[in-house]
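Enquirer: One structure coming up, written as structure tokens, with questions to follow.
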Amino acid sequence: MSPYDFDALGKKVTEPTRKLEIFPKPSGIERVVLESDEVSSLCPVTGQPDWETVTIEFAPEKYCIESKSLKLYLWSFREEGLFCEDMAGQIAKDIYTACKPRWCRVTVIQKPRGGIKITATALAGDKDAAP
């Protein structure tokens, strides 16, 4: 029996959610990097699909983000219309709110559409502590 009480991990989940679940930071962990190249969203103007690679880096203070809840969270953007820059800012804010790290950096790379690749980076928390 697990000492953790997760809503998603170990359970059948059939829809996205914006709830990010956390667990206590293991001893000695200074930096966590989570990356997915399977994120999609919609252009807020045309409604056409966009594909993104999302990299989340943070320095945990007390908590880490549970990865299945992150997968479900990223899935929640699939039907949302927003610019790449907005996505980076929203994810950084949500990660920072969920686990209160010292700092959090989110980089979103939108795959080329119309020949243009976009990279947007957002930083939350102690910007002076971030590498």
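Enquirer: Here is a list: K62, K93. Which entry is charged (D, E, K, R) and exposed (fewer than 13 other Cβ atoms within 10 Å of the Cβ)?
Expert: K62
Enquirer: So, one more: Among (1) in contact with a Phe, Trp or Tyr (Cβ under 6 Å, 6 or more places away or on another chain); (2) in a strand (DSSP E or B), which single condition is A122 missing?
Expert: Every condition holds for A122 apart from (1).
Enquirer: Under 8 Å between Cβ atoms, at least 6 apart or on separate chains: pull out the pairs that start in segment 19-38 with a residue that is at negative phi and loosely packed, with under 10 Cβ neighbours inside 10 Å and end on any residue that is in a strand (DSSP E or B) and among the acidic types (D, E).
Expert: As it stands, the answer is V33/E57, since those pairs meet every condition given.
Enquirer: Consider segment 61-82. How many of its residues are within 30 Å of T46 (Cβ to Cβ), touching a strand residue (DSSP E or B) at 6+ places or on another chain (Cβ under 9 Å) and hydrophobic (A, V, I, L, M, F, W, C)?
Expert: Of the residues in segment 61-82, 5 are within 30 Å of T46 (Cβ to Cβ), touching a strand residue (DSSP E or B) at 6+ places or on another chain (Cβ under 9 Å) and hydrophobic (A, V, I, L, M, F, W, C).
Enquirer: Okay, next question. Limited to segment 65-107, what total is found for residues that are in contact with a Cys (Cβ under 7 Å, 6 or more places away or on another chain) and free of Cβ contacts under 8 Å to residues at least 60 places away in the same chain?
Expert: 4
Enquirer: Another question, then. Might you check whether a residue that is out of contact with any Pro (no Cβ under 9 Å at 6 or more places or on another chain) and free of Cβ contacts under 8 Å to residues at least 12 places away in the same chain occurs anywhere in segment 52-64?
Expert: No, because not a single residue in segment 52-64 is out of contact with any Pro (no Cβ under 9 Å at 6 or more places or on another chain) and free of Cβ contacts under 8 Å to residues at least 12 places away in the same chain.
Enquirer: Do we find that P49 is over 16 Å from the mean Cα position of the chain (by Cα), surrounded by fewer than 20 Cβ atoms within 10 Å (Cβ to Cβ) and within 30 Å of I116 (Cα to Cα) in this structure?
Expert: So P49 fits the description; yes.
No value in this document is a laboratory result; all are computed from the given coordinates. Computed from a prediction, not measured in an experiment: that's the story for all the values here. Neighbour counts are summed over all protein chains in view; Cβ atoms, including those assigned to glycine, are modelled from backbone coordinates with ideal geometry.
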